[in-house]
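These notes are about the structure you will find just below.
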Amino acid sequence: MAEGVYDVIVIGSGVMGSSTAYSLAKKGKKTLILEQFPVLHSRGSSHGLSRITRLAYGVQHYTDMMVDAFKMLAELERETGTELLINCGTLSIGPENDEFLRDVEKAMTNVGAAVDVLTHKQLSRRYPMLSYPLNYVGLLDYKGGLLKADCILRALQTVFRQRGGEIRDCETVTAIHPGSTVTVTTSKGTYRAASVVVAVGSWADKMLRPLGLSLPVKIQRVTVCYCKELHPGSHSAQQLPCFIEHRGSPPYDIWGLPSYEYPGYAKIALHTGPEISPDARDQPDGKWVTDRLTAYVKEHFPGLESTPSITEQCIYTMTPDEDFIIDYHPQHHNIVVAAGFSGHGFKLAPVVGEAVSDMATGRVPKYDMKPFMMARFKTTAKL
């Protein structure tokens, strides 16, 4: 049985756990990551080659955090000599006077960001591969683009290891024993630390229940579709930005990215999916998701085959309000919970990791953490 004493143990090697561990290592903290699967696995929410990034949030505190997230990502690029962002922009699409678009424009204006407001005529001229009603407009976020997701995860773990961090994968946590020093028991050993961070994605509720904490989260399987271009190169990052339509398939959002991981195939997804168990992710059937996407592509992307040629799955851990859970355990303040990232957390991982690393080391994060506290769910969560 292995024994070890650390400043912080991070449970979970996804992008949130790895970003937290990266920040801790840069603070000089002796840190261990524990992961139940092989690192860089495809069973959670952090795998795959691409994600959208954007300043264009309809909620001000996320836009404020994204300002720093872009700076931190650029620092990680410099540290590793790796390109991690394709800056193709992110386009928000919707009807004129749409409340979401107004909120996005306001939030971006408040941080002094460049944003183009495109009339329907300008939208059609600039992006002829799109087909939307005459009352639709676009907001182009110039800072946005395509994150190289797998490269980011690998870069975080590389720097973490270079700074003395330790990763133990294929090692399932079987118990967390609170105390002034927290003891973590796994399938292979026992470890102790001054504090522990639980960043295990869709397994958070299962892991925290023995500690008297039940999170109001739902686990969804999201189907990501890749639709083939009718004209090669027409939906590349040189031609098409990342895009989002709020309530594009009511009541659900639609998002997509230009051709990247499968050359000649644009990536499009519905921002929801069937509720599942993370340990039985292939059930139930989610045909209704691909049916909605097929109809959407047929109507709005005439340059793509409407029926997806390739589908892949990802996991969302959804909170009722789709805001994150980043908080201390109510009874054990040396256990920090980072969960419920609701399908939009990846881009914010650098700032989340910094904030969580501060919380795990007795520091006060620079961000307002009230929107992420568990107390907002006190009527439904067992705290």
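The values are calculated or read from the model by the stated rules, or taken from the named source; none is laboratory data. None of the values given here were measured: they were computed from a predicted structure. Here the Cβ is made from the backbone with ideal geometry for all residues, glycine too, and neighbour counts use every protein chain on show. These area figures cover heavy atoms from the full protein model, side chains too; ligands, DNA and RNA do not enter into them. Shrake-Rupley method; radii C 1.70, N 1.55, O 1.52, S 1.80 Å.
Would you check if Y296 is aromatic (F, W, Y), open to solvent by 40 Å² or more (accessible area, probe 1.4 Å) and touching a Ser or Thr at 6+ places or on another chain (Cβ under 7 Å)? Give the derivation first.
On the way: aromatic (F, W, Y): yes; open to solvent by 40 Å² or more (accessible area, probe 1.4 Å): no; touching a Ser or Thr at 6+ places or on another chain (Cβ under 7 Å): yes.
In short, no.
Sort out which residues of region 12-34 are buried (at least 24 other Cβ atoms within 10 Å of the Cβ) and outside any helix (DSSP H, G or I), and write them in order of number.
Hits for region 12-34 are G12, S13, G14, T31, I33, L34.
So, in region 310-339, how many residues would count as being open to solvent by 60 Å² or more (accessible area, probe 1.4 Å) and either in contact (Cβ under 8 Å) with a residue 40 or more places away in the chain or under 24 Å from Y57 (Cα atoms) (or both)?
7
What about S50, is it open to solvent by 40 Å² or more (accessible area, probe 1.4 Å) and of a type in the set (G, A, S)? Working first, answer last.
On the way: open to solvent by 40 Å² or more (accessible area, probe 1.4 Å): no; of a type in the set (G, A, S): yes.
In short, no.
With the structure loaded, tell me whether Y127 is surrounded by fewer than 19 Cβ atoms within 10 Å (Cβ to Cβ) and touching a Gly at 6+ places or on another chain (Cβ under 9 Å) or whether it fails that test. Working first, answer last.
On the way: surrounded by fewer than 19 Cβ atoms within 10 Å (Cβ to Cβ): no; touching a Gly at 6+ places or on another chain (Cβ under 9 Å): yes.
No.
Please go through region 203-247 and pick out each residue that is surrounded by 23 or more Cβ atoms within 10 Å (Cβ to Cβ) and among the small types (G, A, S).
Scanning region 203-247 gives a single hit, A204.
Could you pull out every one of the helices (runs of 4 or more DSSP H) wholly within region 87-198 that has 3 or more residues that are among the acidic types (D, E) and modelled with pLDDT of 95 or more? Break it down stepwise before answering.
On the way: elements: 99-110, 120-126, 149-162.
Hits in region 87-198: 99-110.
Which of the residues that make up region 228-253 are assigned to a strand (DSSP E or B), under 14 Å from L130 (Cα atoms) and either in contact (Cβ under 8 Å) with a residue 60 or more places away in the chain or under 22 Å from the mean Cα position of the chain (by Cα) (or both)? Before the answer, list the steps.
In the first step, residues of region 228-253 are kept if they are assigned to a strand (DSSP E or B); the result is 228-229, 236, 242-249, 252-253.
Filter once more, so that each one left must be under 14 Å from L130 (Cα atoms): 229, 236, 242-245, 248.
Once the filter is applied, which keeps residues that are assigned to a strand (DSSP E or B), under 14 Å from L130 (Cα atoms) and either in contact (Cβ under 8 Å) with a residue 60 or more places away in the chain or under 22 Å from the mean Cα position of the chain (by Cα) (or both), region 228-253 yields E229, C242, F243, I244, E245, G248.
Please find, among P278, P258, the residue that is crowded, with 18+ Cβ neighbours inside 10 Å, of a type outside the set (A, V, I, L, M, F, W, C), touching a Ser or Thr at 6+ places or on another chain (Cβ under 8 Å) and modelled with pLDDT under 95. Give the derivation first.
Details: P258 fails: modelled with pLDDT under 95.
Selected residue: P278, the only one of P278, P258 that is crowded, with 18+ Cβ neighbours inside 10 Å, of a type outside the set (A, V, I, L, M, F, W, C), touching a Ser or Thr at 6+ places or on another chain (Cβ under 8 Å) and modelled with pLDDT under 95.
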